[in-house]
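See below for the structure under consideration.
The values are calculated or read from the model by the stated rules, or taken from the named source; none is laboratory data. The shown structure was predicted, so the numbers you read here are calculated from the model rather than taken from an experiment. Quick reminder, even Gly has a Cβ in these numbers, built from the backbone with ideal geometry, and neighbours come from all protein chains shown. Areas reflect the complete protein model, heavy atoms only, side chains present, ligands, DNA and RNA absent. Shrake-Rupley method; radii C 1.70, N 1.55, O 1.52, S 1.80 Å.
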There are 2 protein chains.
Amino acid sequence: MAGLVSSRGCHKIRGSQIRELLDSKLNVLFDCDGVIWNGETVVAGAPEVVTLLKQQGKKVFFITNNCTRPRASYVTKFIRLGFTDVAEEEIFSSAYCSAAYLRDVAKLQGKVYVIGCQGVVKELREAGVPIVEEDTNAPTGTIYDYPLDPEVKAVLVGYDEKFDFIKLAKACCYLQNTECLFLATDPDPWHPLRGGRITPGSGSLTAAVETASSRKATVIGKPSCFMFECIASQFNLDPGQSLMVGDRLETDILFGANCGLDTMLTLTGVSTLEEAHGYKDSDDPERKDFVPDYVVETIADFIEAYEEEEG
Amino acid sequence: MAGLVSSRGCHKIRGSQIRELLDSKLNVLFDCDGVIWNGETVVAGAPEVVTLLKQQGKKVFFITNNCTRPRASYVTKFIRLGFTDVAEEEIFSSAYCSAAYLRDVAKLQGKVYVIGCQGVVKELREAGVPIVEEDTNAPTGTIYDYPLDPEVKAVLVGYDEKFDFIKLAKACCYLQNTECLFLATDPDPWHPLRGGRITPGSGSLTAAVETASSRKATVIGKPSCFMFECIASQFNLDPGQSLMVGDRLETDILFGANCGLDTMLTLTGVSTLEEAHGYKDSDDPERKDFVPDYVVETIADFIEAYEEEEG
C-alpha cells in the first residue's frame with residue numbers, strides 16, 4: 001500500500017489515501033453507535049457510504065455490542081434512518097452472537113438462565129436455544145427457597161433493566177455447578193443517556209455475578225474475537241482483507257487488533273484523536289492495541305474519496 | 001514471650017501457651033460467625049470464654065462484616081445464645097462503623113444514598129446521618145426520569161436483598177459527581193446459605209456499582225483497618241496489646257496483619273490449617289499476611305488454658 005505509513009500509525013487520512021485503503025480491502029465492518037448513528041440521529045452521509053461501498057463490491061457488516069434489540073429491530077432502525085440496502089444477515093449484535101455461540105460453539109444441551117432484555121431472549125428463541133421461562137407475575141420466593149431448574153447448563157448476562165437481587169442470586173447458584181457455562185453479551189460498563197445521566201451496562205451486571213460466583217464470564221462482544229469469528233464463518237472473511245471502523249479505542253480498535261484486522265477510528269463518537277495519540281505515546285505495551293491504524297473525521301469522508309477518484 | 005515461636009508462625013498452641021499469649025494482651029477482638037457462633041448455633045464454650053476473659057481484666061470486642069443487623073439486635077442474639085455479659089458498646093459491625101465513618105471521619109454535610117438493608121439504615125439514623133428517604137410504594141420512574149436528590153454527598157453500598165437496576169443506576173448517577181463519597185460496608189463476595197446455596201454479598205453489589213461508575217469504593221469492613229481504628233479511638237487500644245481471633249484467613253487474619261495485631265485462627269469456621277500452611281509455604285509475599293501467628297482448634301481451648309494454670 002504505497003503512500004500509506006506503516007500500521008498502528010494513528011494516521012489521519014483523507015481523499016485518495018482513503019480510496020487506496022478501501023481498494024485494498026474486500027470487507028468493511030462498522031460499529032453502529034458513534035459511527036453510523038448517534039442514538040436516533042444518523043451520521044450525515046452514512047447511508048450513502050454504505051451504498052457506495054456495496055456498489056464497489058465490498059461486503060459491509062454492522063457489529064454492535066448493544067444487546068437490547070433483535071436483528072429484525074435493527075433492520076427497522078436502519079430503514080427509519082434512511083439506509084436502503086442493509087440486510088438482517090449483515091447485522092451482528094452481541095445478543096445474536098451470544099445465541100450463535102450457545103447453539104454452534106457450545107452446542108448447548110440444556111437450558112439457559114438469562115439475565116437480559118427482550119433483545120437477548122428473542123435471539124435465543126430465534127436460534128432455538130431453550131431458556132428458563134419464569135412466571136414474572138408469580139412470587140419467586142425468598143433467597144432461601146426460589147426454584148432452580150435442574151436443566152440449566154448456561155448462564156447468560158446482558159443489559160437488563162429488570163435486574164434484581166433474586167436474579168443475581170439465582171445466577172450464582174446455577175454457577176456453583178462448574179459445568180454450567182458463564183457467558184456475558186458484552187463488557188460495556190455503562191452507557192450515556194441524555195441529560196448527562198448514565199445507565200449501567202452489561203459489564204456492570206456481569207461484575208456482580210462474577211464477584212458473587214467467584215467465576216469469570218466468557219465475553220462474546222467486542223473486544224473479544226468471537227463476533228468476528230461469527231461473521232467470518234458465515235461469510236468466509238479473510239482478516240487481512242477486512243477493515244474495522246469504530247469510535248471507541250478500548251472496544252472497537254482493540255477488537256480489530258485482537259482479530260488481526262486493520263483498524264480505523266472515526267471521530268463522530270466517543271474517543272478523540274488526542275486519546276489515540278496518548279495511547280500511541282504510552283510506554284505501556286498493552287495500550288498499543290488501542291492505537292488505530294487510520295483516523296478519519298467521519299465515514300462521510302469516504303464519499304469524497306470516491307468523488308476525487310472519479311473527478 | 002518465651003516459649004512461643006516467632007510471629008507469623010502459624011503455630012498451633014494450647015494449654016499454657018494460650019495462657020501465656022493471653023497474659024501478654026489487654027484486648028481480645030473476636031470475629032463472630034465461625035468463631036463464637038455458626039449462624040444460630042453457639043460454639044460450645046464461647047459464652048464461658050467471654051466471661052473468663054473479662055474476669056481476667058481483658059477488654060473483649062466483637063467485630064463483624066455482617067451489616068444486616070443493628071447493634072441492638074446483636075445484643076439480643078448474644079443473650080439468646082447464652083452470653084450473659086456482652087454490651088452493645090463492645091459490638092462493632094460494618095453497618096455501625098460505616099455510620100461512624102460518615103459522621104466522625106467524613107463529617108458528612110449532606111445526605112447518604114443507601115443501597116443496604118435495615119441494619120445499615122438503622123445505624124445511620126442512630127448516628128444522626130441523614131439518608132435519602134424513598135417512597136418504596138411510589139413508582140420511581142424509568143432510568144431516564146427518576147428523581148435525584150441534590151443534597152446527596154455520599155453513596156453507601158451494603159448487603160441488600162432489594163437491590164435492583166434502578167438502585168444501581170441511581171448510585172452511579174450520584175457518583176458522577178466526583179465529590180460524592182463512595183463507601184461499601186464490607187467486601188464479602190458471597191455468603192453460604194443452608195442447603196448448599198449461596199447468596200451474593202455486599203462485595204458483589206459493590207462490584208456492579210464500581211464498574212458502572214468507573215470508581216472504587218472505600219471499604220469499611222475487614223480487612224481494611226477502619227473498624228480497628230473505630231474501636232481504638234473509643235477505647236484507647238494499643239495494637240501491640242491486642243489479639244485478633246478469626247476463622248477466615250483472607251478477611252480476619254489479613255485484617256489483624258493490616259492493623260498490626262497478633263492474629264489467631266480458630267478452626268470452627270471457614271478456613272483450615274492446611275490453607276494456612278499453604279499461604280505460609282507460598283512464594284507470593286502478598287499471601288504472607290494471610291498467615292496467622294497462632295492457631296487453636298476452638299476458642300473453647302481458652303478455658304482449659306486457665307484451668308491448667310489454676311490446677
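Remarks
- Inter-copy label distances at B:Gly57, shortest first and taken from points set 7 Å along Cα to Cβ: 9.7 nm.
- Karplus-derived 3J(HN,Hα), 6.51/-1.76/1.60, for each residue of the range B:184-200, Hz, glycine and proline x: 10, 4, 7, x, 4, x, 6, 10, x, 10, 5, x, x, 7, 10, 10, x
- Accessible heavy-atom area order of A:Tyr279, A:Tyr144, highest first, probe of 1.4 Å: A:Tyr144, A:Tyr279
- Close amide H contacts of A:His11 (hydrogens built in the peptide plane, cut-off under 5 Å, sequence separation of 5 or more or a different chain): A:Tyr294, A:Val295.
- Projecting 7 Å from Cα along the Cα-to-Cβ direction, the label point of A:Ala127 sits 4.6 nm from its equivalents in the other copies, listed shortest first.
- Gyration tensor verdict on the protein assembly as shown (Cα atoms; rounded if a/c is under 1.5, prolate if a/b is larger than b/c, oblate otherwise): prolate
- Sparsely packed trypsin sites (Lys or Arg not before Pro) within the range B:182-250, loop by DSSP, other Cβ within 10 Å at most 14: B:Lys216
- For the set A:Tyr294, A:Tyr101, the ranking by accessible area, highest first and with no ligand, DNA or RNA atoms included, is A:Tyr101, A:Tyr294 under a 1.4 Å probe.
- Dipole in debye (nearest 20) - the protein assembly as shown, about Cα centre, beta carbon charges: Lys, Arg +1; Asp, Glu -1: 720
- Charge dipole (the range A:39-131, unit charges on Cβ, about Cα centre) - positive-most of A:Leu124, A:Tyr96, A:Thr51: A:Leu124
- Rounded to the nearest 20 debye, the dipole magnitude of the range B:105-200 is 220 debye, with +1 charges on Lys and Arg beta carbons, -1 on Asp and Glu beta carbons, and the Cα centre as origin.
- Note on A:Lys111: lysines with a C-alpha under 23 Å away, same-chain residues under 8 apart excluded, are A:Lys122, A:Lys153, A:Lys162, A:Lys167, A:Lys170, A:Lys216.
- Solvent-accessible surface (1.4 angstrom probe) belonging to B:Glu297, in square angstrom, nearest 10: 90
- Rounded to whole Hz, the Karplus (6.51, -1.76, 1.60) HN-Hα couplings of the range A:60-72, x for glycine and proline: 10, 10, 10, 10, 10, 6, 5, 10, 7, 10, x, 3, 4
- Note on the range B:43-128: with charges restricted to the Cβ of Lys and Arg (+1) and Asp and Glu (-1), its dipole about the Cα centre is near 200 debye.
- For chain A, with all protein chains in place and a probe radius of 1.4 Å, 49% of the accessible heavy-atom surface sits on carbon or sulfur.
- For chain B, calculated [θ]222 nm from helices alone, where every DSSP H run of n ≥ 4 adds -39500 (n - 2.57): -9500 deg cm²/dmol
- Among the GluC sites (Glu not before Pro) found in the range A:159-222, those both in a DSSP coil and sparsely packed, with 10 or fewer other Cβ atoms within 10 Å of their Cβ, are A:Glu179.
- Exposure rank, largest accessible area first [B:Thr206, A:Thr76; 1.4 Å]: A:Thr76, B:Thr206
- With the largest listed first and rounded to whole Å, the semi-axes of the equivalent ellipsoid of the range B:1-96 from the Cα gyration tensor are 26, 14, 13.
- Positive dipole terminus of chain A, leading residue within A:Ala305, A:Phe255, A:Leu205 (C-beta point charges): A:Leu205
- The range A:1-70-the range A:226-267 distance, computed between alpha-carbon centres (Å): 11
- Whole-number percent relative contact order across chain B, with pairs defined as alpha carbons under 8 Å at least 6 apart: 24
- Label point of B:Asp104 (7 Å along Cα→beta-carbon): distances to the other copies' equivalent points are 6.1 nm, sorted ascending.
- Prolate/oblate/rounded call for the range B:177-232, Cα gyration tensor, a/c under 1.5 rounded: oblate
- Volume per residue of the convex hull around the Cα atoms, evaluated for the range A:260-300, comes out as 69 Å³.
- Under 5 Å between amide hydrogens, built in the peptide plane, is the criterion, and for B:Thr218 it picks out B:Phe182, B:Leu183, B:Ala184 among residues at least 5 positions away or on other chains.
- Solvent exposure of A:His277, expressed as accessible area, is near 70 Å², computed with a probe of 1.4 Å over the protein chains only.
- For the range A:152-267: rounded, prolate or oblate by the Cα gyration tensor [a/c cutoff 1.5]: oblate
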